[in-house]
Amino acid sequence: MSAKKEDKPDLKGGAAPLVDKETAMMPQAAAVEKSLLSMMTLDPNEIIPRSIMNGITDEFFYVPAHRILWQLLRERYEKAQVMDVTSVAQELADRNQLEAVGGHPGLMDIYSLASSAALFETHFNMLKEKYVRRAIIQSSNRAASSAYTQEAEVETLLDQTEQDVLQIRESMQAGHNKWSLDLDIREFMNTMERIMKEGDVGPQGLSTGFARLDRMSNGLKPGELFVVAARPSMGKTSFLMNIVEHLILDEKKPVLVFSCEMPSTQLVERLILARSGISKQQILKERGKLKKQDLKKITDAIRELRESRLVIDDTAGISISELRAKARRVKRDQPDLACIGIDYLQLMRSHTKQAQNSREREIAEISGGLKNLAKELGIPIIVLAQLNRGPENRPGRAKGIPMMSDLRESGAIEQDADMVGLLYRNAYYATNEEEREKEGDNANLLLAKNRNGPTGDVPLSFKAELMRFVTRIVQEEDDQVPNE
């Protein structure tokens, strides 16, 4: 055994290990476990539901006998069965588990303890502390084992380790946010009351700044994945940054943007110019003769942006594992993070072995990873995506109009997305000047998928000199009913 220890590398650079893993005891509190079980037998209708709501699971009990008894008491509570010692002993005997809990003497030891329910919170916190310490040790051991065997890719190992730690942290918060049907009903009634008094109360989720899109989507909601797809040069980056601008400057919310294509300096330039309403062409044309009011608009836009809580990461070819890790850190530092924007999906990478053998599999892993991240962090994610050449190969009047089947490389994007918006500008496909002038700056966002609402067109205009989309008013727009 000692020879085996010597074969292990010393990661402390020669310092002796702090703990001998082979002799150290796992953190545990057997007496506390016994006390809580005693409370459950004395007042099951009060203590067992409190334990469940506080997040107690099988893993909280370190002593195997206590774990068996907890499982049985919970099952009997859910079946509304009595908890007297005779009935519990008989069911344990029927399951051949009576001896595993110490037989009749072991069971009577718990039933006769008579712990006070007033000590529940104190004992629960002690139990949770021991569970968390064990979970940290187990997670560390798994990570160390994977690192030694070198079976998993480093990116995957880092992501899994970080996810394990995050789950431990989340388990410490269990029970703090207790769901209440009454509160949800009350919120619905308040919403109905506001609608009856004030009419339209606006989107329930995050506003995008585009009124028709907000009405159709009811806002961007936590956990949703919104895919905005287009062919190159349609302005999808501009559309994303218009939403980001609205959120950080008008709504004063923190937003995280991953730019896989453009450097952060270009995105910041776009934001300042779009906000100021002064185009780069105007600045180049007038040079040192820019009017004072125009300079003031630019300096005001710079001041607004400097005061915002925008975070941009412009790592090229970022992996889904790295993106998740960075997003979690930003969310930890800014708990009220409102939204994540990504430009764009097909420039991301996944480094798993399966992904290396299939581009379709790689895109599926990235798409699924983004949807899971949105749910994990409880915020909406807007991700841009490229379309294939389908729109420009269509004949006649259908030329340039995209379909969801045009999403490049994977149907998983369509499956994972809660909303899919297809952005296009017909003028781009005009065959002559007359057609181009007729279309002008018209643009459309076709909401082709909307899991929680209608689908249909969101008419837009694209101001190319400012890289800005604005709402386009169409005749009798309010009378047009989007497709369900």
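The values are calculated or read from the model by the stated rules, or taken from the named source; none is laboratory data. Computed from a predicted structure; not experimentally measured. Using ideal geometry, Cβ is built from the backbone for each residue, glycine included, and neighbour counts are taken over all protein chains shown. Surface accessibility is based on the protein's heavy atoms, side chains included, excluding ligands, DNA and RNA. Shrake-Rupley method; radii C 1.70, N 1.55, O 1.52, S 1.80 Å.
Results, tabulated for the structure shown:
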| quantity | calculated |
| --- | --- |
| Hz values of 3J(HN,Hα) by residue in segment 366-383 - Karplus curve (6.51, -1.76, 1.60), Gly and Pro given as x | 5, 4, x, x, 5, 5, 5, 5, 4, 5, 5, 8, x, 9, x, 10, 9, 10 |
| Alpha-carbon Rg with Dmax, taken over segment 75-118, Å | 11.3, 34 |
| Along principal axes, Cα extents of segment 382-455, largest first, whole Å | 40, 25, 19 |
| FRET efficiency for Gln281 and Ile136, using Cβ-Cβ distance with R0 set to 45 Å, rounded to 0.05 | 0.20 |
| 37 °C / 0.692 mPa s Stokes-Einstein diffusion coefficient of segment 318-419, Kirkwood radius on C-alpha pairs, µm²/s | 222 µm²/s |
| Dmax and Rg, reported as Rg then Dmax, of segment 37-79 (C-alpha, Å) | 9.5, 25 |
| For Gly341, residues with placed amide H under 5 Å, excluding near neighbours | Leu256, Val257, Phe258, Ile382 |
| Set Lys252/Lys331; Lys253/Lys331; Lys236/Lys289; Lys253/Lys371; Lys253/Lys326 screened for pairs whose C-alpha atoms are more than 24 Å apart | Lys236/Lys289 |
| Computed accessible area, Glu435, all protein chains, 1.4 angstrom probe, square angstrom | 80 Å² |
| Sites Thr455 and Leu158 - FRET efficiency at Förster radius 30 Å, r taken between beta-carbons, to 0.05 | 0.15 |
| Protection-proxy order for peptides 456-469, 328-341, 363-376, each taking the mean of Cβ atoms within 10 Å per residue, highest first | 363-376, 456-469, 328-341 |
| Centre separation in Å (Cα based) which lies between segment 250-280 and segment 314-341 | 17 Å |
| Distance between modelled label sites at Thr265 and Tyr148, nm, 7 Å Cα→Cβ extension | 4.9 nm |
| Inter-centroid distance (Cα atoms) of segment 43-111 relative to segment 425-474, Å | 64 Å |
